[in-house]
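Novice: Can you keep this structure in mind? I'll have questions shortly.
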Amino acid sequence: MVEGKKGAGVSADRLTPELLKKWPKERPLLSLTAYDYPMGRILDEVGVDLIHVGDSLGMVVLGMPDTTGVTMADMIRATEAVSRGRKKAMISADLPFESYVTLEGCVRHSKELLQAGADAVKPEGGREIFPQIEALEKAGIPWIGHLGMLPQNVKKEGGYRKKGKSREEARQILEDAKEMEKRGACAMVLELMAPEVAAEVTRTLSIPTIGIGAGDGTTGQIRVTHDLLGLTPWYRPGFVKGDLGFAKKIGELVQRIKSSGFAGLG
C-alpha cells in the first residue's frame, strides 16, 4: 500500500482505510469537509471520524459555480493544510475533474494527494471508471467510491438530478456498488439518491456507506461544513435542515464593531 505523508503528532490509533472497511454497520459514521488548517484541526479535535477534502472547495471557498474548475494544485494545497491539523481522523481527498481520465494520471495524481496528507482518494463514477480503480488497486492506493449524482458531471447532465428513481438506474447503482466493493473500495459515498436505493446498497455491502441527500438508511452521513455553519446563505441544499447562521452572526459582529468606533479591537 502506498504510504502518504504523516503529519507531526499523528496518533497511532487513528482511523485508517483498512479500519474504515471494517466499520460496524450499527455504528454511525460522521464525515465533514475541511479545506484549511483551522477547520481540519477543530473537526479532528471534536471527534469527526472522516475529514473529507472535497472539490466542493471550488464552490464554498473559491466562488466557482460548480466543482469542475478545481485543479490538482487547489486540492494539494487544501489537503496539506487540513493534514497539519489532523491527529486521529482519517483524511480523504477528491480527485478533481479530469485528473483521472488516463490511468497514468489517476495513479500519479492520487499519489500526490497521499503525499499531501490524504489517507485515501475519491474518484466519481461506477463502471465507467473500473480501469482507473484497477490501476489504483495495483498501485496500492486506498480509495472511496462515489455513486449516485456525480457533481463533476453537472455540465454534461445539465444540472443536479436525483439518481436511482428508475428500476434500471437502481439496478445499475447496486451492481456497480457490489463490484466496486469487490475491487477494493474502503467505503462508498451515495449522493442525491433515492433513499430506498441507498438503503438497499447499504444492506448489500459490508463496507460502510456515507450518504448525502440519500436518506438516513446509510451507515453514515457526509456534509459540507460550510453548509452546516451557515456560511453560504446564498445557497443551502435541501437536505440541510438547519444551520448555525454564522453569516448573520458575522454581519452582526461587524456592525457592532463599526457602531462602537472600533472599541475593543486594540
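Read-outs throughout are calculated quantities, based only on the coordinates presented, and are distinct from any laboratory measurement. Only a predicted model underlies this, so the values are computations on that prediction, with no experimental measurement involved. Here the Cβ positions follow ideal geometry from the backbone for every residue, glycine too, while neighbour counts run over all protein chains shown.
Novice: Being surrounded by fewer than 23 Cβ atoms within 10 Å (Cβ to Cβ) and not aliphatic (A, V, I, L, M) narrows it down to one of Gly184, Gly148, so name that one.
Specialist: Just one listed residue meets the conditions, Gly184.
Novice: Could I ask something else about it? Of all residues in the range 151-180, how many are more than 20 Å from Ser92 (Cβ to Cβ), surrounded by 13 or more Cβ atoms within 10 Å (Cβ to Cβ) and among the small types (Gly, Ala, Ser)?
Specialist: Final tally of qualifying residues: 2.
Novice: Looking only at the range 177-210, count how many residues are among the acidic types (Asp, Glu) and closer than 15 Å to Ile144 by Cα.
Specialist: Qualifying residue count for the region: 3.
Novice: When you go through (1) part of a loop (DSSP other than H, G, I, E, B); (2) touching a helix residue (DSSP H, G or I) at 6+ places or on another chain (Cβ under 8 Å); (3) under 21 Å from Leu29 (Cβ atoms) one by one for Leu231, which number turns out not to apply?
Specialist: Against the list (1) part of a loop (DSSP other than H, G, I, E, B); (2) touching a helix residue (DSSP H, G or I) at 6+ places or on another chain (Cβ under 8 Å); (3) under 21 Å from Leu29 (Cβ atoms), Leu231 comes up short only on (3).
Novice: Given (1) in contact with a strand residue (DSSP E or B) (Cβ under 6 Å, 6 or more places away or on another chain); (2) touching a residue at least 40 places away in the same chain (Cβ under 8 Å); (3) not acidic (Asp, Glu), where does Thr79 come up short, assuming only one miss?
Specialist: Result: Thr79 fails condition (2) only.
Novice: Residues Leu15, Leu20: which one is over 22 Å from Asp227 (Cα atoms) and outside any loop (DSSP other than H, G, I, E, B)?
Specialist: Leu20
Novice: If you don't mind, another one. Give me the pairs, please: first residue somewhere in the range 29-51 and aromatic (Phe, Trp, Tyr), second residue anywhere and in a strand (DSSP E or B), beta-carbon distance under 7 Å, and either six or more positions apart or on two chains.
Specialist: Tyr35/Val53
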